[in-house]
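The values are calculated or read from the model by the stated rules, or taken from the named source; none is laboratory data. Owing to the predicted nature of the structure, the values given are computational and were not obtained by experimental measurement. Here Cβ is always computed from backbone atoms with ideal geometry, including for glycine, and neighbour counts include all displayed protein chains.
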C-alpha cells in the first residue's frame, strides 16, 4: 500500500473503481414521474390526516372512531409509499 504525502492528492486506481461500478439514481420519467408525485402527495395527505384525526379525537370516549380513521390514514400513507417505491424502481 502506498502512503500519500500531505501535499499530494489521493486518487483511487481506475482499474479498481470503474465508471459504471456505482449506478447513479435516476429521476422517474413519464408515467413514473406522475405516479411518484401522486405517491408523495398521498403520503402528505396521510400524515396530515393522521395528525388531524389524533387532534380531533384525542381524549374522546369513542376510541373506535379514532382507530378507524387512524387506520384509514395509515392506508392512505401506505398507498402513497407503494406508488413512490414503484416509481423509483425499488419495488
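Taking into account only those residues within region 49-67 that are under 25 Å from the mean Cα position of the chain (by Cα) and surrounded by 13 or more Cβ atoms within 10 Å (Cβ to Cβ), which is farthest from residue 30 (Cα to Cα)?
54
In contact (Cβ under 8 Å) with a residue 40 or more places away in the chain, under 25 Å from residue 29 (Cα atoms) and crowded, with 16+ Cβ neighbours inside 10 Å: is that true of residue 46 in this structure? Walk me through how you get there before you give the answer.
Numbers: in contact (Cβ under 8 Å) with a residue 40 or more places away in the chain: no; under 25 Å from residue 29 (Cα atoms): yes; crowded, with 16+ Cβ neighbours inside 10 Å: yes.
In short, no.
Looking only at residues that are in contact with a helix residue (DSSP H, G or I) (Cβ under 8 Å, 6 or more places away or on another chain), exposed (fewer than 15 other Cβ atoms within 10 Å of the Cβ) and assigned to a loop (DSSP other than H, G, I, E, B) in region 1-43, which one is modelled with the lowest pLDDT?
Checked region 1-43; the qualifying residue modelled with the lowest pLDDT is 25.
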